[in-house]
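Shown next, in C-alpha cells, is the structure this report addresses.
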Amino acid sequence: MTEVGIDGVEIWTGKLKLDLAETFAPAQGEDPGKYTKGLGLNASSLPDVYEDIVTMGANASKRLMERKGLSPEDIGRIDVATESSFDQSKPVSTYVAGCLEQTFDGDFHHANKGERKFACVSGTQSLDDAYNWIRAGRNQGRKALVIATDTALYARDDPGEATQGAGAVAMLIDEDPDLVTLGDEQGFGSADETDFLKPNQQFPSVDGKRSMQVYLARMREAMIDFARNGGDTHPDNFELAPFHTPFPGMVRKAAVLGYRHCIRDTEIEDELAEEIGRQPRREAFDDHEAFLDAITEYTDKLAETTAYEEWYAKTVEPTFAISREVGNWYTGSVHLARAAGLAEALEDGRDLTGRNMLVSSYGSGAQAEIHAETIQEGWAEEIEQLNIFEQIEKRNEITFEEYESIHDVHNHDETTEMEPLTSPDGEFVFDGWGRMGERKYTYVE
Ligand code: HMG
C-alpha cells in the first residue's frame, strides 16, 4: 500500500505583533508573568487591515505551490479548515482558488473544494479527508491542498483575549510524501460540550476554565481509544508530541497526564517506582475521592522526576517555538506545533528519519483526535526552507492604541477605517467589497 502524508508545508503569519508582557499586560493591569510564565505566551500575531483568512491562506498556498513546482491542474482537492469564515454558503477555498488563479497559469476548475468545521480539530479532519481520498485511489495522481486559516480574535476584555492569534498553515498531501506519513490508527474522544462556541456570532462565547477541563477529558478518551485501536503509546517510541496549543500552559497540563498514561505498565513506571511509588490504580480504591487524591499526588511527583523533565524537554517543549510567539491559530495550531518541533530538532542536529511523532489534535465542542506520523527522509530539507521565524521577526509591533483600532477594524459589527500599518509586498490583499457582498482580493507585486 502506498504511503500517504504531508509532502510540504508553508506558514504565513499575520503581520502585526502585540507584545503581551510589554504592551497588553500593563494596559490590562495584569502581571506580565501571567502571560509569559502562566500561559507561556510572549506575543500574538494579528492581521493588518488588508489581511484576513483568505489572504493568509492564499499567501501560504502560493509559496507552497511555487516551491513544489506545482500548477493548479496538479491539485485535485482544496479543503480549508477555519472557524473564522465570513460566509455561510460559499467556502473560503473558492476565494483562495480565485486568488491563486490570479498568479498561476491554469485553473482549479476540476478540484473538489470544501470547508471543514469542528473548531480547531477541523484542520486535522481536513488532513484526514485528503488522506482518505488519496488512499481510496480517487485522486487520479493528483494532490490535495489543505489550508488551516484563522483570525482567532476574542471580544475585548474576554479572558481569551490573551490567547489571540492569526495565521495560516498550508499543507500538501500526497503519496510518498517528503515530510511525514500518517499512520492508520486513530483515537477519538468526542462529546457534546458547550465550552467554546460561536452561535452565529464572530467572537466566541467561552467558559475558559471549563474548556481546559474538557480539553483534558477528551484527550484522555482519545488516548485510550488510540491504544485500543493498536496505536503505540510507549514514550520511547515517539520523538516529538505536537499538541493542539491554545497556549503552551495548556499543553504543559496535558503532557504530564499523557506521560502518566503512557508509562503505565511499562518498564518506565517500574524504574520510577523506587523514587515515587507505582501509579495508584482505580480498582484498588473503594472511595473515588481518595483515588483522585492519590493520583494527583503521584502526578505532582512524576512531574518533578528527571525522567519526565528530560522527556518533556525533548518531546514537547520544542513544539512551542512558534506558538509562544504568535498565540492560538485555532485550526492551524497543532500544525504549527509539528513544524516547530521539527524545526527545533533540525537546529539541534537530531536525526529523525524513520522516527515517529504522536500528534494530538483538539477542537472545542468537543473532540480530540490522536494519531502517529512517521518522519520521512526529506524532512530536513522541507523544514529548512520554512521562513516563519523570519516572518515572526519582521512583524510590525503595535501600541495598545493601535491594537484597539485593529481589533475594531476586524470586528464585523464595527465600521472603523484605518490606514494599514505595514505595506504589502508580493502578496494577496483584501481589496474591498463586490456587488453581492463578496470580499475581493488582488495580488500586489
Ligand atoms: P485567566 O483565567 O485570565 O488566567 O485566563 P488565570 O488567572 O487562570 O492565569 C493563567 C495561568 O497563569 C494560571 O496558571 C495562573 O496560575 C498563572 P495555572 O494555575 O492554570 O497553571 N499566573 C501566573 N504565573 C506566573 N506569574 C504570574 C501569574 N499570574 C497568573 N504573575 C484562560 C486563562 C485559559 C481561561 C483564558 O485565557 C481563556 O479563556 N482562553 C480561551 C479558552 C482556551 O484557550 N481554552 C483552552 C482549552 S480549549 C481549546 O484549546 C480550544 C480552543 O482552541 C478553541 C477551538 O477549539 O476552536 C480555545
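So which of Ala217, Ala222 ends up being within 14 Å of the ligand (Cβ to nearest atom), surrounded by 18 or more Cβ atoms within 10 Å (Cβ to Cβ), modelled with pLDDT of 95 or more and not aromatic (Phe, Trp, Tyr)?
Being within 14 Å of the ligand (Cβ to nearest atom), surrounded by 18 or more Cβ atoms within 10 Å (Cβ to Cβ), modelled with pLDDT of 95 or more and not aromatic (Phe, Trp, Tyr) holds for just one of Ala217, Ala222, which is Ala222.
Looking at the range 5-47, which of its residues are over 17 Å from Glu393 (Cα atoms), of a type in the set (Phe, Trp, Tyr) and crowded, with 22+ Cβ neighbours inside 10 Å?
Passing the criteria: only Tyr35.
Residue check: is Leu342 closer than 27 Å to Arg252 by Cβ, hydrophobic (A, V, I, L, M, F, W, C) and in contact with a helix residue (DSSP H, G or I) (Cβ under 6 Å, 6 or more places away or on another chain)?
yes
Kindly evaluate Phe118 against the criterion of being in contact with a Pro (Cβ under 7 Å, 6 or more places away or on another chain) and open to solvent by 20 Å² or more (accessible area, probe 1.4 Å).
no
Test of understanding: among Leu257, Leu240, which residue is under 32 Å from the mean Cα position of the chain (by Cα), open to solvent by 40 Å² or more (accessible area, probe 1.4 Å) and among the aliphatic types (A, V, I, L, M)?
Leu257
Looking at the range 123-132, is at least one residue more than 18 Å from Glu369 (Cβ to Cβ), modelled with pLDDT of 95 or more, within 16 Å of the ligand (Cβ to nearest atom) and touching a strand residue (DSSP E or B) at 6+ places or on another chain (Cβ under 7 Å)?
No, the range 123-132 contains no residue that is more than 18 Å from Glu369 (Cβ to Cβ), modelled with pLDDT of 95 or more, within 16 Å of the ligand (Cβ to nearest atom) and touching a strand residue (DSSP E or B) at 6+ places or on another chain (Cβ under 7 Å).
Just checking, how many residues over the range 139-167 are among the β-branched types (Val, Ile, Thr) and either modelled with pLDDT under 95 or part of a helix (DSSP H, G or I) (or both)?
Count: 1.
Take residues that are within 21 Å of the chain's Cα centre (by Cα) and farther than 30 Å from Arg252 by Cβ and tell me which of the strands (runs of 3 or more DSSP E) falling wholly in the range 1-117 contain 1 or more.
The qualifying strands (runs of 3 or more DSSP E) are 4-13, 75-81, 112-116.
Of Ser85, Ser44, which residue is touching a Pro at 6+ places or on another chain (Cβ under 9 Å), within 14 Å of the ligand (Cβ to nearest atom) and hydroxyl-bearing (Ser, Thr, Tyr)?
Answer to the selection: Ser85.
Could you say whether any residue in the range 358-378 is at pLDDT 95 or above, within 17 Å of Glu10 (Cα to Cα) and loosely packed, with under 13 Cβ neighbours inside 10 Å?
no
Filter the range 281-301 down to residues that are open to solvent by 100 Å² or more (accessible area, probe 1.4 Å), farther than 23 Å from Arg252 by Cβ and under 34 Å from the mean Cα position of the chain (by Cα), then give me how many there are.
Number satisfying all stated conditions: 1.
Considering Arg252, Arg278, which residue is open to solvent by 30 Å² or more (accessible area, probe 1.4 Å) and over 30 Å from Gln164 (Cα atoms)?
Among Arg252, Arg278, only Arg278 is open to solvent by 30 Å² or more (accessible area, probe 1.4 Å) and over 30 Å from Gln164 (Cα atoms).
The values are calculated or read from the model by the stated rules, or taken from the named source; none is laboratory data. From a predicted model like this one, the values you see are computed outputs, not experimental measurements. No Cβ is skipped: glycine too gets one built from the backbone with ideal geometry, and neighbour counts run over all protein chains shown. Note: accessible area is taken over every heavy atom of the protein model, side chains too, but ligands, DNA and RNA are not part of it. Shrake-Rupley method; radii C 1.70, N 1.55, O 1.52, S 1.80 Å.
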